[in-house]
Amino acid sequence: MSATRYTYLGPEGTFTEAALRTLPEAATRELVPMVSVPAALDAVRGGQAAAALVPIENSVEGGVTATLDELATGEPLMIYREVLLPIAFALLVRPGTKLSDVKTVTGHPVAQPQVRNWLSAHLPEAHWESAASNADGARLVQEGRFDAAFAGEFAAATYGLEALVTEIHDAENAETRFVLVGRPARPAAPTGADKTSVVIWLDDDHPGALLEFLQEFAVRGVNLMLIQSRPTGAGIGNYCFCVDAEGHIAERRVGEALMGLKRISPKVRFLGSYPRAGVTPDEVRALRAGTTDAEFTSAADWLARVQDGRA
């Protein structure tokens, strides 16, 4: 395995590359762009890279399905950390292009909902076609296949384009969450501001099935930050659920919730416990009474004394 190589959703000039370069270790790694999320992750699975950075959630569109599906169904991998990146688009064009010249535009499918209102207001007649990534859209403009692309302003220099319009976004404070994914290993120690990700399959479709697994978290005071259903491929009505929960698997409340899930679910895939981006332990909400590690330990000691006839 190449311990110094990181892959990412390419080509060069994507928001994913920009997010990757915010990591301190990126300065000492070989950063290799890949044509798709599955290709970036398969390089890790095959040992050609130590880790891959891929988008997993957008504040406008929600979960990135290509990443969620790969993590849920492919050979197991584990999330080691997350990166949050503010997102604003630029309209990249070949030098000399005016706004009135733009008849065709491109960008990643996730970008379109984030610029839909701007397009309607400024380029209502322009025809949109999706590209594999925003940077790939810039490459297609460079080749003359489209008049303009929505991408990061930083991609302009890479592809010999210019930013005709900058700071384009329909939603203020839009951001994308990226995850650094590697091969399964022991999770890092808790930081006090952590997140745990799992994928859960329902045993069968019956009334209250979803409520049953939500209760495993609720009764232990574990807050859920994301729940997204994804089809399993086994037919209409068959779903798994991608879940992000506050806390670390080493914490009793989280660990016991996962054990409870494993009792009632035919399959639970652990995707990792890792630090939350941009959150310090002081900013984490106080735990509900009865859900701290000390209280779990005290309850277990009480039960042991009762069973031993000492209580």
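The values are calculated or read from the model by the stated rules, or taken from the named source; none is laboratory data. Computed from a predicted structure; not experimentally measured. Neighbour counts run over all protein chains shown; Cβ positions are idealised from the backbone, glycine included. All accessible areas refer to the heavy atoms of the entire protein, side chains included, with ligands and DNA or RNA removed. Shrake-Rupley method; radii C 1.70, N 1.55, O 1.52, S 1.80 Å.
Condition (residue is closer than 17 Å to PRO190 by Cα, open to solvent by 50 Å² or more (accessible area, probe 1.4 Å), of a type in the set (A, V, I, L, M, F, W, C) and outside any helix (DSSP H, G or I)) applied to region 221-231: is it met by at least one residue?
Within region 221-231, not a single residue is closer than 17 Å to PRO190 by Cα, open to solvent by 50 Å² or more (accessible area, probe 1.4 Å), of a type in the set (A, V, I, L, M, F, W, C) and outside any helix (DSSP H, G or I).
All but one of (1) more than 24 Å from the chain's Cα centre (by Cα); (2) open to solvent by 50 Å² or more (accessible area, probe 1.4 Å); (3) farther than 24 Å from THR73 by Cα hold for ASP205; state the number of the condition that does not hold.
In the conditions (1) more than 24 Å from the chain's Cα centre (by Cα); (2) open to solvent by 50 Å² or more (accessible area, probe 1.4 Å); (3) farther than 24 Å from THR73 by Cα, ASP205 misses (3) alone.
Given (1) over 20 Å from LEU77 (Cβ atoms); (2) surrounded by fewer than 18 Cβ atoms within 10 Å (Cβ to Cβ), where does ARG253 come up short, assuming only one miss?
So the condition that ARG253 fails would be (2).
Do any strands (runs of 3 or more DSSP E) entirely within region 74-165 hold 3 or more residues that are touching a residue at least 40 places away in the same chain (Cβ under 8 Å) and under 20 Å from VAL54 (Cα atoms), and if so, which?
On the way: elements: 78-86, 89-93, 104-107, 127-130, 148-151.
In region 74-165, the matching strands (runs of 3 or more DSSP E) lie at 78-86.
Tell me whether region 267-274 contains one or more residues that are among the polar types (S, T, N, Q), within 25 Å of the chain's Cα centre (by Cα), within 22 Å of LEU180 (Cα to Cα) and part of a loop (DSSP other than H, G, I, E, B). Reasoning before the result, please.
Going through region 267-274, the residues among the polar types (S, T, N, Q) turn out to be 273.
Then drop every residue that is not within 25 Å of the chain's Cα centre (by Cα), which leaves 273.
Still in the running and within 22 Å of LEU180 (Cα to Cα): 273.
Of the ones still in play, those that are also part of a loop (DSSP other than H, G, I, E, B) are none.
No, that holds for no residue.
Among the residues of region 170-179, which ones are within 29 Å of LEU71 (Cα to Cα) and part of a loop (DSSP other than H, G, I, E, B)?
Taking region 170-179 as the starting set, the residues that turn out to be within 29 Å of LEU71 (Cα to Cα) are 171, 173-179.
Selection gives ALA171, ASN173, ALA174.
Residues are listed down the side, and each one gets a yes or a no for (1) open to solvent by 10 Å² or more (accessible area, probe 1.4 Å); (2) modelled with pLDDT under 95:
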residue: TYR8; (1), (2): no, no
residue: ALA27; (1), (2): yes, yes
residue: LEU41; (1), (2): no, no
residue: THR65; (1), (2): yes, yes
residue: LEU77; (1), (2): no, no
residue: PRO86; (1), (2): yes, yes
residue: PRO95; (1), (2): yes, no
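Counting only residues that are of a type in the set (Asp, Glu) and over 15 Å from the mean Cα position of the chain (by Cα), which one in region 4-43 is nearest to PHE89 (Cα to Cα)?
By that ranking, first place goes to GLU12.
Of ALA189, ALA174, which residue is small (Gly, Ala, Ser) and either buried (at least 17 other Cβ atoms within 10 Å of the Cβ) or modelled with pLDDT under 95 (or both)?
ALA174
Please enumerate the residues belonging to region 180-212 that are among the hydroxyl-bearing types (Ser, Thr, Tyr) and assigned to a loop (DSSP other than H, G, I, E, B).
Of everything in region 180-212, just one residue is among the hydroxyl-bearing types (Ser, Thr, Tyr) and assigned to a loop (DSSP other than H, G, I, E, B), namely THR191.
Any chance region 9-20 includes a residue that's farther than 15 Å from HIS108 by Cβ and either in contact (Cβ under 8 Å) with a residue 40 or more places away in the chain or not hydroxyl-bearing (Ser, Thr, Tyr) (or both)?
Looking through region 9-20, at least one residue is farther than 15 Å from HIS108 by Cβ and either in contact (Cβ under 8 Å) with a residue 40 or more places away in the chain or not hydroxyl-bearing (Ser, Thr, Tyr) (or both).
Return the only residue of GLU167, GLU162 being on the phi < 0 side of the Ramachandran plot, open to solvent by 70 Å² or more (accessible area, probe 1.4 Å) and acidic (Asp, Glu).
Testing whether each residue is on the phi < 0 side of the Ramachandran plot, open to solvent by 70 Å² or more (accessible area, probe 1.4 Å) and acidic (Asp, Glu) leaves just GLU162.
Matching residues to (1) in contact (Cβ under 8 Å) with a residue 12 or more places away in the chain; (2) assigned to a strand (DSSP E or B); (3) among the aliphatic types (A, V, I, L, M):
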| site | (1), (2), (3) |
| --- | --- |
| ALA43 | yes, no, yes |
| GLN48 | yes, no, no |
| ILE56 | yes, yes, yes |
| LEU71 | yes, no, yes |
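Identify, please: which residue in region 10-25 is open to solvent by less than 50 Å² (accessible area, probe 1.4 Å) and β-branched (Val, Ile, Thr) and is, among those, farthest from GLY74 (Cα to Cα)?
THR14
One line per residue, one yes/no per condition, for (1) without any contact (Cβ under 8 Å) to a residue 60 or more places away in the chain; (2) open to solvent by less than 20 Å² (accessible area, probe 1.4 Å):
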{"position": "LEU261", "(1), (2)": "no, yes"}
{"position": "TYR274", "(1), (2)": "no, yes"}
{"position": "VAL279", "(1), (2)": "no, no"}
{"position": "ALA300", "(1), (2)": "yes, no"}
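Give me the pairs, please: first residue somewhere in region 24-37 and touching a residue at least 24 places away in the same chain (Cβ under 8 Å) and under 14 Å from GLU12 (Cα atoms), second residue anywhere and surrounded by fewer than 18 Cβ atoms within 10 Å (Cβ to Cβ) and of a type in the set (S, T, N, Q), beta-carbon distance under 7 Å, and either six or more positions apart or on two chains.
Pairs that qualify, where the first residue is touching a residue at least 24 places away in the same chain (Cβ under 8 Å) and under 14 Å from GLU12 (Cα atoms) and the partner is surrounded by fewer than 18 Cβ atoms within 10 Å (Cβ to Cβ) and of a type in the set (S, T, N, Q), are GLU30/THR4.
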